[in-house]
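Beneath this line is the structure, given in structure tokens, with notes to follow.
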Amino acid sequence: MLAANYKEKQFDLAKVLGNKKLPAIIAMVKSYGWKYLGASIAVGISALGSTAQFFLLQYFIDDYLSARTATVGLLPIALSFVLLTLIRGIGSFFSGKWTVEISEGLTKRLRDFLFDHLQHLPYAYHNETDTGELIQRVTSDVDALRLFLGNNVIDIARTLILFIVNFIAIGLLNWRLAGLSIIAIPVVILVSIFFFKKISKVYEVYQEKEATLSTTLQENLAGVRVVKAFSREEYEIDKFGKNNRDRYTAGLKLNRMHAFFWPVSDIICSIQIVAGFYIGGMMALNGTITIGSYLAYTGMIFWIIFPMRNLGRLIVDMSRGFVSFERVRDILKVAREPLEQGDYMPEQIEGKVAFQNITFSYEDGHHVLEDITFEAKAGHSIALIGSTGSGKTTLVNLLPRFFEYTNGSITLDGVDLNRYPRSFLRKNIGIVEQEPFLFSRSIRDNIRYGVSRDVTEEEMIEAAKAAAIHDVILTFPHGYDTLVGERGVTLSGGQKQRVAIARTLLKNPKILIMDDSTSSVDTETEADIREALNHLMKTRTTFIIAHRIQSIINADLILVLDKQRIVQSGTHEELVQQEGLYREIFNIQTKIEDDLKKEIDSVN
Amino acid sequence: MSTNYFEEEEFTTTFNGQTFLRLVKELKPVWFYLAGILISIGFTSVFDSLFTYLNKLLVDDGILAGDPSQIRLNLIRYGVLALLQAVFVFAFIVLAGIVGEKVQLSLRQRLFSHLQKLSLSYYSVTPVGWIMSRVTSDVNRVANLLTWGVIDVSWGILNIIAATIFMLIINWRMALVVVFSIPILIVVAIKFRTSILKQYRQVRKQNSVITGQYNEMITGVRVIKALGREQGSLQEFRKESLTMYNSSYRAAVLSALFLPTIQLISSFILAGVVYYAGWQFDNLPGGITIGSIQAFMNYVTFMMWPIFDMARIFAEMQLAVASGERIFSLLDSVPAVQDADTAYDPGSIKGDIIFDNVTFWYDDDEEKLPVLKHFSLQVKQGETIALVGPTGGGKTTTVNLLARFYEPKEGEIRINGKNYRDYTLHGIHSRLGIVLQTPHLFSGTIMENIRYGRLDATDDEIIDAAKLAGAHQFISDLPKQYEEEVGEGGNLLSVGQKQLLSLARAILADPEIFIMDEATSSVDTMTEALIQKGMDRLLQSCTSFVIAHRLSTIKSADRILVIEDGQIQEMGTHAELIRKNGKYYQLYTKQFRQEKEAAYNLLTDDVTPVAAD
């Protein structure tokens, strides 16, 4: 019974989201309609089971004990209490079970969908969006939604059902009594809403204070060297003490709200109960109702009133749920990148790339590339050189269609780039970044990350060897199974880069984009990386974002970018002959060497 | 220390009585409030049982006896008691709030004060997150146990006792039947609670796995896209989210079973009561009244709730005691660097500094591999020393030892002829100026951050310091100038600006020894020049140690140390070392090229230093 049995229902959440809030929520939970109904019925059964016990009590008192007209014996009556409890238990169990199936099912679907959605959102979106904010939305807000769509909805249903069932039950005893028993209910509800609204405000203040305290603590711990260096321990203790006291005061205030709410609502409920007891008692005394009816009534009245106290909390929680829903919906509204769109997928590509009058600008009109035209032959290496902001990176980002160019055309093997599906392009393009991102899993998994097929151990080791990282990996405690990151080894920049190279080698793309930065690496490893890179560049069309002249001297084509345009292109030999930016750069490099020589000579 | 030590929410499986006693002692300062709580709780739970009894009187003496005055009388009693109870409820909620908050206030403050005493060696092996959890969630949990735990348990116990007494008064035979079945309920309830709690811990663990996956996907989205791994990573995520579904499901279903199970067990007791009462009613005329039967049924039905609550507390107690253990372990940890009993404030730490055959290893290194080996160095008052060399060579350790964040394992460091352990920590630290590689600022205004260097400084003195540090210019350009907020950790400012502020802070402190770890990340040329100016001011007036990354700093030092493998490999002035054509020569030429390339800003956008820490 404890084994969950999750059934997947595929569902495009983005599609169901219209403009109105409520219809959108309903559309989102629609496929769970039957479960909601089932859970509500189960709640009803549970309520009936519990209320029936009061009727059983009435029968026991009136018919069995007092009037002695009972047709059943004592034992069946006693066992009926057990039976009714069982029915009640079954009802409450199934309502609990179905509620969790609704809330967790909805949440799982939402989580999966959001995860997939986020990884399909355009690169530009991720560039602009704060990671912490996104995480907040997919965790806390999703969790608030979980409570809202599952527990809160069912809790409200439960409160209403309990009320209806018990109200009718009292009505069956005596309708006048029923009517007189619910007078205080609007008051209870109003008081409850009033208090919980206030409580939720005070709670926000309290949480703010708590956050401030955490920040102070966190800053103190992070800045422990500064604190010690200035000998500011006392000062820090005072500062923390003040925040600590603020939090204390806020905590007491929050507590006081509760201290008022519970007794106040207790009193209101008690007034209703005492009044009910009095009226009921007098009715029993007059013979309007039987003694058994009175006793049944004294049980039922609690079930009408007390659940109502929670309505305020439920309503405040639900309003929070709505806010979270909006925040999640903001993400869902952003259109995905159509990965499979395109009609041209050859068996193999050659790697010939041509840019024709390419212009690219961001949505805000900010121009990044203008009138870019060049041709890269298959297997050639193309070096891009230029200052920060000249557009190098954007240019190469157009190839895997991370960005869509605004004007002009790019062809791959003579076919328009837009005809290739993005997924196809990315499969055939490898990227080695300056600061490669590795996943916190084993080195083995990281190297194999780029290929979906099964990779043999030999293949993987071969790739690692070619990337000049195999020997390094063997020195790690668990070899290829060593975890990368916090829980395992911390790799240096150069090691990360070589793991990324191995990853790319295994993927074996026809086109390669490489950020050629070896500056963060010790001199010894620089040669290793260079060798690894040369290995990688063989037989591939390679785009190199160059940082040093030395690394582009052998390039088949050098593009010099300045202010969003290509200002010069050609081979190293051609470019040094020309007047222009390239020669300036080259001259500066030479000049630096001259300067250095002079520096050193001056010392000697 | 094993890595397990830092695993969140690790259970101690055995109940630690000593820790529990120590926790109870925390209540000593608030015993007065606690007494108030217990009294209020006592009345509240007795009243709860009385209500049922009054109802019995109303039925038997009022309705059945046909006496309306008895109905009124008992309802007036009922109403008065309800009002009184509301007062007691108010009292115990307020008092519990006070006790809980006071316990938290005091524990937090003590933890924080103790943390200020602990040495850097503690911080280097203890993750910030771990410490944060001790001060926040563990304190919360302990306070919860000491207030609501105490309340629920005493309410539960008193409630059961009061109900038992009333039942005994009404009909002792039947009462005994009920009393003997209570332990069964308690045992089942505790068992249930414990497994539910375990399930929810599983859920929380899985929840952090899910968050981790989101985090990795979002930060690595470019790689996922570039490698076309969307399908694969979704598959992996689905697996985790299914595990999350399953464990949440198990936890919720277990919870859903809990109440019905307890109710079912107590319904057997109820059935017993009904049967026995019916039998008594039939066979012993006058043995039991209808009101009594009703009262009994009520007591049995409501006895479930205190048992429910107590089971929860017992299950959570184990966790709270484990929290207490961790809190006390922090409070009991001894600072590695402390003042000796005879330590004194030297009044000044000007003078020569001598590293005499210093060897040092970090405590968390089980093999005790020395980071500094027989390191000796003599520095004259007022000298500027530049430290260069590869990462992990020992530069940072050298300045950490000098600042007495750590102390030598072998050998000694002498300041002005005396072992620096003879001085108080405060005596040394208050005369140090330190500028870190990644400058650390505190939330607050610029003014407050500079004032950190000297708390009694006037605003004018602060502005002067900012001017000397070259920070005044950029501050004046800010909308609120010195009153501008710097944000959490100073993250509203650029790295260069933060560095200028931390220089101003150090200048204001007017130190006698100055330690600087130059930033490796790039700042624009203007800021760079300003930083240089600010530094010069300090370098002139102090004995200075600079972990240097910039050529200008290195060249202008009185002496350059190339530190590698925990030893001084080369030492001398710039000219001497260049002539030597050794390690320094290599470092220098490489840095020269990179710095110049960056200066021309043609190919690269960041400077990479000689060696980055």
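The values are calculated or read from the model by the stated rules, or taken from the named source; none is laboratory data. Keep in mind it's a predicted model, so treat the numbers as computed, not measured. Note that each Cβ is placed from the backbone with ideal geometry, even for glycine, and that neighbours are counted across all protein chains shown. Remember, those area values only see protein heavy atoms, side chains included, never the ligands or the DNA or RNA. Shrake-Rupley method; radii C 1.70, N 1.55, O 1.52, S 1.80 Å.
Please report the projected area of region B:189-257's Cα convex hull averaged over all directions, in nm². Present the calculation step by step, with values, prior to reporting the outcome.
Numbers: hull surface 18.2 nm².
Average of the hull's projected areas for region B:189-257 equals 4.5 nm².
Considering region B:404-448 at the alpha-carbon level, its Rg and Dmax are found to be 14.7, 43 Å. Relative contact order of region B:254-401, taken over Cα pairs closer than 8 Å and 6 or more residues apart, is 13 percent.
The phi torsions of region B:125-130, fed into the Karplus equation with coefficients 6.51, -1.76 and 1.60 and a -60° offset, translate into couplings of 9, 10, x, 4, x, 5 Hz, rounded to whole numbers, with Gly and Pro shown as x. Taking amide H positions as modeled 1.01 Å from N, with prolines and chain starts lacking one, the residues under 5 Å from residue B:569 and 5 or more places away or on another chain are B:562, B:563, B:564.
With a 1.4 Å probe and all protein chains left in place, how much accessible area per residue does region A:400-491 have, in Å²? Provide the component values of the computation, followed by the final result.
Details: 4270 Å² over 92 residues.
With the other protein chains kept in place, region A:400-491 gives 46 Å² per residue.
Straight-line cross-link partners of residue A:563 among the lysines, defined as a Cα under 16 Å from its Cα and at least 8 positions apart when in the same chain: A:392. Calculated FRET efficiency, residue B:76 to residue B:204, Cβ-Cβ distance, R0 = 56 Å: about 0.65 to the nearest 0.05.
Normalised by 2.2 N^0.38 Å, where N is the number of residues, the alpha-carbon radius of gyration of region B:424-473 equals 1.23.
Calculate the tail of P(r) for region B:525-596: the fraction of all Cα-Cα distances greater than 22 Å, expressed in %. Intermediate values should be presented prior to the final figure.
Numbers: 657 of 2556 pairs.
That tail contains 26 percent of the Cα-Cα pairs.
May I ask for the equivalent-ellipsoid semi-axes of chain B, computed as the square root of five times each C-alpha gyration tensor eigenvalue and listed largest first in whole Å? It would help to have the intermediate numbers written out before the result.
Values: eigenvalues 992, 151, 111 Å².
So the equivalent ellipsoid measures 70, 27, 24 Å along its semi-axes.
With R₀ fixed at 41 Å, the C-beta to C-beta distance from residue B:180 to residue A:164 puts the FRET efficiency at about 0.55. From the Cα gyration tensor of region B:101-238, with a ≥ b ≥ c the square roots of its eigenvalues, which class applies: rounded if a/c is under 1.5, or else prolate if a/b is larger than b/c, or else oblate? Note, shape of region B:101-238 comes out oblate. Placing unit charges on each Cβ (+1 for Lys and Arg, -1 for Asp and Glu) gives chain A a dipole about its Cα centre, and among A:173, A:306, A:49 the Cα reaching farthest toward its positive end belongs to A:173. Could you work out the local net charge near residue A:358, counting Lys and Arg as +1, Asp and Glu as -1, over the other residues with Cβ closer than 10 Å to its Cβ? It works out to a net charge of -2. In this structure the amide hydrogen of residue A:431, modeled in the peptide plane, comes within under 5 Å of the amide hydrogens of A:513, none closer than 5 places in sequence on its chain. Extension gain for residue B:87 to residue B:231 (0.36 nm times residue separation, less C-alpha to C-alpha distance): 45.7 nm. Taking the centroid of alpha carbons for each part, region A:87-141 and region A:458-488 are 36 Å apart. With an 8 Å cut-off on Cα pairs and a minimum separation of 6 or more residues, tell me the relative contact order of chain A in percent. Worked out over chain A, it gives 14 percent.
With every protein chain kept in place and ligands, DNA and RNA left out, what is the accessible area per residue of chain B? Probe 1.4 Å, answer in Å².
Values: 24890 Å² over 613 residues.
That works out to 41 Å² for each residue.
Determine the total buried accessible area between chain B and chain A, counting protein heavy atoms only with a 1.4 Å probe; round to the nearest 100 Å².
Numbers: alone 31760 and 33250 Å², together 51310 Å².
By this definition, chains B and A bury close to 13700 Å².
Computed extension length for residue A:590-residue A:238: 120.9 nm, one decimal, from 0.36 nm per residue of separation with the Cα-Cα distance subtracted. Over region A:16-92, the pair-distance histogram of Cα-Cα distances with 10 Å bins from zero comes to 18, 28, 20, 14, 11, 7, 1 percent, rounded to whole numbers. Note on residue B:121: accessible area approximately 20 square angstrom, rounded to 10, probe 1.4 Å, nucleic acids and ligands left out. Note on residue A:340 and residue B:477: their simple-model spin labels are 5.3 nm apart, each label 7 Å out from Cα toward Cβ. Under the combined filter of DSSP loop state and at most 14 neighbouring Cβ atoms within 10 Å, region B:303-399 retains these trypsin sites (Lys or Arg not before Pro): B:368, B:380.
Considering only DSSP beta bridges whose two residues both sit in region B:407-553, what percent are antiparallel, to the nearest 5?
Working: 3 of 12 bridges.
Antiparallel bridges: around 25 percent, rounded to the nearest 5.
Here residue B:117 is the anchor, and the lysines within straight C-alpha reach of less than 21 Å, apart from those fewer than 8 places off in the same chain, are A:228, A:239, A:242, B:409.
Can you give the translational diffusion coefficient of region A:160-207 in µm²/s, computed by Stokes-Einstein from the Kirkwood radius over Cα pairs at 10 °C and 1.306 mPa s? Before the final figure, lay out each step's value.
On the way: Rh = 12.7 Å.
D = 125 µm²/s.
Can you give the alpha-carbon Rg of chain A over 2.2 N^0.38 Å, where N counts its residues? Can you show the working numbers first?
Values: Rg = 36.3 Å, N = 604, 2.2 N^0.38 = 25.1 Å.
Here the answer is 1.45, to two decimals.
Annotation: region A:154-260 has a Kirkwood hydrodynamic radius of 18.1 angstrom, from the mean reciprocal C-alpha pair distance. Going by Cα centres, region B:30-52 and region B:94-112 are how many Å apart? So the separation of the two Cα centres works out to 22 Å.
Distance between the modelled labels on residue A:256 and residue A:419, one decimal in nanometres: 7.6 nm (7 Å Cα→Cβ projection).
In this view, the solvent-accessible surface of residue A:366, computed with a 1.4 Å probe and all protein chains in place, comes to about 100 Å².
Here the accessible area of chain A is 55 percent carbon and sulfur, with a 1.4 angstrom probe and all protein chains present. Using a probe of 1.4 Å on the protein chains alone, the accessible area found for residue A:343 is around 110 Å². In region B:300-380, one over the average inverse separation of all distinct C-alpha pairs is 19.0 Å, which is the Kirkwood hydrodynamic radius. Once C-alpha pairs closer than 8 Å and six or more residues apart are averaged by separation and normalised to the residue number of region A:192-337, the relative contact order reads 39 percent. Positive contributions from Lys and Arg (+1) and negative ones from Asp and Glu (-1), summed over other residues with Cβ under 11 Å from the Cβ of residue B:136, come out at +2.
Please report, in whole Å³, the volume per residue of the convex hull around the C-alpha atoms of the protein assembly as shown.
Given the Cα convex hull of the protein assembly as shown, per-residue volume reads 198 Å³.
Looking at region A:217-326, the accessible area is 34 square angstrom per residue; that uses a 1.4 Å probe and ignores ligands, DNA and RNA. Here the 3J(HN,Hα) profile of region A:356-361, calculated from phi with Karplus coefficients 6.51, -1.76 and 1.60 at θ = phi - 60°, is 10, 6, 7, 10, 9, 9 Hz, Gly and Pro shown as x.
Extending 7 Å from the Cα toward the beta-carbon at both residue A:318 and residue A:215 defines two label points whose distance is 3.5 nm. First check a/c for region B:381-527, with a ≥ b ≥ c the square roots of the eigenvalues of its C-alpha gyration tensor; if it is under 1.5, answer rounded, and if not, answer prolate when a/b is larger than b/c or oblate otherwise. Because a/c hits 1.5 or more and a/b exceeds b/c, region B:381-527 counts as prolate. With a cut-off of 13 Å between beta carbons, the residues surrounding residue A:582 carry a summed charge of -4, where Lys and Arg count +1 and Asp and Glu -1. Below 17 Å, Cα to Cα, which aspartates and glutamates can residue B:28 reach? Residues fewer than 8 away in the same chain don't count. Within the straight-line cut-off, residue B:28 pairs with B:101.
At 27 Å minimum axial length over the Cα atoms and a Kyte-Doolittle cut of -0.5, report the qualifying DSSP H helices in chain B, or say none. It would help to have the intermediate numbers written out before the result.
Details: long enough: B:31-57 (38 Å, 1.14); B:68-117 (73 Å, 0.79); B:150-170 (30 Å, 2.19); B:172-219 (70 Å, 0.44); B:230-283 (78 Å, 0.20); B:304-332 (41 Å, 0.67).
Qualifying helices: B:31-57, B:68-117, B:150-170, B:172-219, B:230-283, B:304-332.
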